Amino acid sequence: MKCRIVYKPDKSVTVIHYAPKSTTPPEVAFQKAMKNMGLEGADFEDVESDTLPSREFRNAWEGGKGKKITINETKKQAIIAEKNKPTLEDRIKAIEDKAK
Amino acid sequence: MGSITWSKSWSASDNGSIFAGADIQNIQNDITTVVNGGLTNSNINASAAIVESKIAFNISSGHDHDGTDSKLISASNTHFIKGCEVEWVSAATVKVQPGVLELNGTVLSRVAYSTTLNLATAGHWVSGSEGASAWYYIYAYNDSGTSWDVKLSDEAPAYYDCDVADASGFLRYRDYSDVWYRCIGKFYNNSASDIDAWSVFNWEEGQPIQGIVKAWINFNGTGTIAINDSYNVAAIGDVGAGQWSITWDTDFANDDYAIVGSGKYDHDDSNTQVPIVGLDRIANNPAVGIVYVNATVSNGSAADCELISIIVIGD
């Protein structure tokens, strides 16, 4: 199904997905969503939703008109680091192990 | 006794046992009558049992269900409506298909299209006049005792019923100068003062009603975002990890509506926490046309969920 990639000035992207049961025609729905999100006049491209990259690094998505979506490597590494950060349970266990 | 009674005796011309020339003349007269469509009710025996499917109704002009040679739909069937579908005609006009409806205890029928309502025609309005960026309503009224026609109004229905002016249920009616009108549709006149074709609704199907869920959505927030099912939702926006916007088909009357949500991780996900779905803390959220929702886990991290459900109730 078609979706709309909207490119923001800070290079981040919002992807709008049409609701199949909407009573609003797709083009009108896309425009209404853009307007409601303050993205009126922003660059956008309509693509098939299955061509979007994996959401594993969603917050590292960037894009621009004609470039579609790319992954910002710096943001990607920050996401990986955040994911690998020990959990609260891990840290408590480490303290307990140390105290033994 | 035969099913068809002929107008003349075939034996009146003779002694009753001889088939004479005058009898042939009578038969010719009867054949002429049949060929020219001259049969009347007096010719057809009550027990003839002619089935309705063999009767040729005029399919161009139709026929009224006004109790004359037809059976009236019971007026006790309050709110009855059949047909009466609203049609977009042009950027300035709408009309309503033929149909039958109950209004204030009377069943009214119409076998032809309604008057084509023009927003620029003052006489087509029972209340208000044309303006931009506004919803307008199409009301049926009793125009002759047995038939209905339509007018425009800038006001939504106010009553559930005509006789008791009850406003506790699905609102269909308005009272203008002690004359009852029944709402049968609505449409949106956009910022260019053009009727949006997509916005033309029949009233029974196009109006969310007070006291019930006015919008809901169930979608998959992981992988390729997929809306499983929804009502009154135009689109969702994938704003970031665990962040989505939802744009409504029909905006709410104000931003004081109530939103509840839930989320679920995939059962294979290593994260055993239960996601919390709530409103994004950005300014002016929710707005009449959009709401932003987030899904997070207990440490505050955004979380894409396999299943997100949102239910909204409001004006």
Query raised in the report: Within the stretch A:28-41, how many residues turn out to be facing chain B (nearest Cβ under 8 Å) and part of a loop (DSSP other than H, G, I, E, B)?
Result: 1
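Picking from B:GLY123, B:GLY131, B:GLY105, B:GLY83, which residue would you name as being over 30 Å from B:PHE252 (Cα atoms) and modelled with pLDDT under 95? Let's see the steps before the verdict.
Values: B:GLY123 fails: modelled with pLDDT under 95; B:GLY131 fails: over 30 Å from B:PHE252 (Cα atoms); B:GLY83 fails: over 30 Å from B:PHE252 (Cα atoms).
Matching residue, one of B:GLY123, B:GLY131, B:GLY105, B:GLY83: B:GLY105.
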Query raised in the report: If A:ASP90 passes every condition in (1) more than 8 Å from chain B (Cβ to nearest Cβ); (2) surrounded by 15 or more Cβ atoms within 10 Å (Cβ to Cβ); (3) not aliphatic (A, V, I, L, M) but one, which one does it miss?
Result: (2)
Report task. Report, ordered by the first and then the second residue, all pairs with beta carbons closer than 8 Å, sequence separation of six or more or different chains, a first member in the stretch B:299-315 that is in the same structural domain as B:TYR231 (by TED's automatic domain parsing) and in a loop (DSSP other than H, G, I, E, B), and a second member that is among the acidic types (Asp, Glu) and buried (at least 17 other Cβ atoms within 10 Å of the Cβ). Result -> none
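Can you go through B:ALA258, B:ALA235, B:ALA295 and tell me which one is surrounded by 17 or more Cβ atoms within 10 Å (Cβ to Cβ), at pLDDT 90 or above, of a type outside the set (D, E, K, R) and more than 17 Å from A:LYS32 (Cα to Cα)?
Numbers: B:ALA258 fails: surrounded by 17 or more Cβ atoms within 10 Å (Cβ to Cβ); B:ALA235 fails: more than 17 Å from A:LYS32 (Cα to Cα).
Matching residue, one of B:ALA258, B:ALA235, B:ALA295: B:ALA295.
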Query - Condition check for A:THR70: hydroxyl-bearing (Ser, Thr, Tyr), within 9 Å of chain B (Cβ to nearest Cβ) and free of Cβ contacts under 8 Å to residues at least 60 places away in the same chain - result: no
**Report entry** Qualifying residue in the stretch B:174-183 (condition: within 14 Å of chain A (Cβ to nearest Cβ) and among the charged types (D, E, K, R))
**Finding:** no
**Report entry** All positions within the stretch A:2-27 that are within 8 Å of chain B (Cβ to nearest Cβ), farther than 15 Å from B:ILE236 by Cβ, buried (at least 17 other Cβ atoms within 10 Å of the Cβ) and not small (Gly, Ala, Ser)
**Finding:** A:THR23
Query raised in the report: in contact with a helix residue (DSSP H, G or I) (Cβ under 9 Å, 6 or more places away or on another chain), farther than 24 Å from B:ALA132 by Cβ and either modelled with pLDDT of 95 or more or not assigned by TED's automatic domain parsing to the domain that holds B:ALA132 (or both): does that describe B:ARG172?
Result: no
Requested in this report: Residues that are within 17 Å of B:TRP88 (Cα to Cα) and not hydrophobic (A, V, I, L, M, F, W, C): find the strands (runs of 3 or more DSSP E) completely inside the stretch B:112-197 holding 3 or more of those.
Outcome: B:134-142, B:148-153, B:179-189
Query raised in the report: Within the stretch B:210-251, how many residues are touching a residue at least 12 places away in the same chain (Cβ under 8 Å), more than 14 Å from B:SER309 (Cα to Cα), within 7 Å of chain A (Cβ to nearest Cβ) and part of a strand (DSSP E or B)?
Result: 6
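The values are calculated or read from the model by the stated rules, or taken from the named source; none is laboratory data. None of these values were measured; they are calculated from a predicted model. A quick note on method: Cβ atoms are made from the backbone with ideal geometry, for glycine too, and the neighbour counts reach across all protein chains shown.
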